[in-house]
Amino acid sequence: MNSPETLPPVRHSTLSELPLSNSFAALPPAFYTRLASSPLPSPYLVCASPAAAELIQLDLSVCESDEFIQVFSGNARHAQSMPLAAVYSGHQFGVWAGQLGDGRAILLGDAAAPSVDPNGTLELQLKGAGMTPYSRMGDGRAVLRSSIREFLCSEAMAALGIPTSRALCVIGSDLRVMRETPESTAVVTRMAPSFVRFGSFEHWYHNDRQDELKQLADYVIERSYPELQSAANPYLALLEEVTRRTAELVAQWQAVGFMHGVLNTDNMSILGLTLDYGPFGFMEAYEPAHICNHTDQQGRYSYKMQPQIGHWNCYALGQALLPLIGEVDAVHAALKIYQPAFTAKLNALWHQKLGLLTQHDEDESLIDALLVIMQKNKVDFTLLFRKLSGLRIDQPAMDTELRDMFIDRAAFDTWAVQYRARLVQENSDDATRRQRMNAVNPKYVLRNYLAQVAIERAQQKDFSEVSKLLDILQFPFDEQPEHDSYAALPPDWAGSLEVSCSS
């Protein structure tokens, strides 16, 4: 007879078998509004993620069922669901915006996810399921375009090993809403251990509601940070841990060339997850000042600004938690964790990307020099680091493919001499180094033009490209030679693509 430790995982062959609870609903009513989703006419499945379904032990065949489509379009209610929309506030583009809240997102409940720690559940949230009391004059809908982008990027980031919310599926409809132009609608089902944000705490702080502030902090600590309960000051320990996680998350973004696009405090996860995918982008021609969000005219959320903004947002969280922590000096001390944590993480990631096993003082200048010539030569970020793994220590003449990425080949040659010397210094072996570098430098990322092609086909009811992209991005570090074209430089027309906050 199998012991409990060796029993096979439970597989849910129907959606009705999927047990749901709702820990957030146990908080007082001031934290949320209970409501049902708005029906979506004639819904259909656009795509589902096998990896996300696996997390909640849902058999992938269930995703094809009418029951699945009806529940995750918001047309039907799971028997154990307790749907609600949460309230929060936030700073948007550095300006206090006051109350915001889940304007078009509805939390269905918590599904068991044994592989997720520490609480072993994932909240299921419908985005685009209709108006809520927090819609702020919006229609409560999401469009197919943005839903596909969020779905693909959530799963792509997870495959890259970057902390993120997940996406179970996209359900589409022919219902159209007005954005810049009329667009078809969709609902994306997001999953995360918690959707509590920095702005969730700011809401109670700025409304001088310390009882609710404490209730929320206690809830987050008990559910997501139980190890902090025994700390001398659990609220200070919470700020320290969230600050560290945020710093390390932003470092991971920088190392893969990811730009979030809208780092408002209401889009910052209290768990240090990448949350709320909107006008994101992956760096192509390397430019630190690149702005991926067309709405961001001042460049507040550009690639080079992300580390600073992450720190700024932690200050906003620290201010919100001050009444619980009790001492301004303690808050400042906690926030000082950010910069060294960010620097250490990013430094470690750069070394991994360059295949370096040891760290020397002169490495910073080596890394900086590479980034400078990448910027001057407009070198593709993802391709450069992937191809750099092919450099051979004793055969500079074999660098043709690498040199051709630079208009100023001599500048690369000069840098490569220094890089080779550094590799020799630690007795680097070409074969094993290449294997290590290819395990951390992706060949495939979700370039905007790839998403755009999939979106345009999906708008014509051809969802095959969405599925194909999902499959490719699940294995970003594998060669997948049959998909080489998906790792190529973007076509000229991609330069005219613009992504904004409109969705």
> For ALA397 and VAL328, FRET efficiency with R0 = 56 Å and r from the beta-carbon atoms, rounded to 0.05?
Replying inline: 0.35
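Could you sort 291-298, 410-417, 490-497, 362-369 so that the peptide with the highest average Cβ count within 10 Å comes first and the rest follow in order?
291-298, 410-417, 362-369, 490-497
Could you calculate the contour length gain from SER65 to ILE407, that is, 0.36 nm times the residue separation minus the distance between their Cα atoms, to one decimal place in nm?
117.8 nm
Is the stretch 143-208 rounded, prolate or oblate when judged by the Cα gyration tensor, a ≥ b ≥ c being the square roots of its eigenvalues, rounded requiring a/c under 1.5 and prolate requiring a/b larger than b/c?
Judged from the Cα gyration tensor, the stretch 143-208 comes out oblate (a/c at least 1.5, b/c at or above a/b).
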> What ranking do 263-273, 194-204, 478-488, 215-225 get when scored by the average of other Cβ atoms within 10 Å per residue, highest first?
Replying inline: 194-204, 263-273, 215-225, 478-488
> ALA36 to GLN99: FRET efficiency via 1/(1 + (r/R0)^6), r the Cβ-Cβ distance, R0 25 Å, to the nearest 0.05?
Replying inline: 0.70
>> If I take every Cα pair under 8 Å that is 6 or more residues apart in the chain, average their sequence separation and divide by the length, what percent do I get for the relative contact order?
In response: 14
>> If I model a spin label as a point 7 Å beyond the Cα along the Cα-Cβ vector, how far apart are those points for ALA25 and ALA344 in nm?
In response: 4.2
> When the chain is fully extended, how far beyond the present Cα-Cα distance does GLU479 get from LYS214, taking 0.36 nm per residue of separation?
Replying inline: 90.5 nm
> So what's Rg/Rh here for the stretch 199-348, counting alpha carbon atoms and using the Kirkwood radius for Rh?
Replying inline: 0.99
> Taking θ as phi - 60°, what are the ³J(HN,Hα) couplings along the stretch 429-437 by the Karplus curve (6.51, -1.76, 1.60), each to the nearest whole Hz, with x for Gly and Pro?
Replying inline: 9, 4, 5, 6, 5, 4, 5, 5, 5
> How much net charge surrounds SER467 when only other residues with a Cβ under 12 Å from its Cβ are counted (Lys, Arg +1; Asp, Glu -1)?
Replying inline: -2
> So, counting K/R as plus one and D/E as minus one, what does the shell of residues with Cβ under 14 Å around ARG190 add up to?
Replying inline: -1
>> Given a Förster distance of 30 Å, report the FRET efficiency between THR432 and ALA494 from their Cβ-Cβ distance, rounded to the nearest 0.05.
In response: 0.25
> When the chain is fully extended, how far beyond the present Cα-Cα distance does ARG77 get from GLU222, taking 0.36 nm per residue of separation?
Replying inline: 49.4 nm
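Charges at C-beta only: +1 for Lys and Arg, -1 for Asp and Glu. How large is the resulting dipole of the stretch 4-195 about its Cα centre, in Debye rounded to 20?
640
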> Amide H neighbours of LEU175 under 5 Å, counting only residues 5+ apart in sequence or on other chains, H built in-plane at 1.01 Å?
Replying inline: THR185
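Every read-out reported here was derived from the displayed coordinates using simple, explicitly stated rules and does not represent laboratory data. Everything quoted here is computed from the prediction, not taken from an experiment. Cβ: placed from backbone, ideal geometry, glycine included. Neighbour counts: every protein chain shown.
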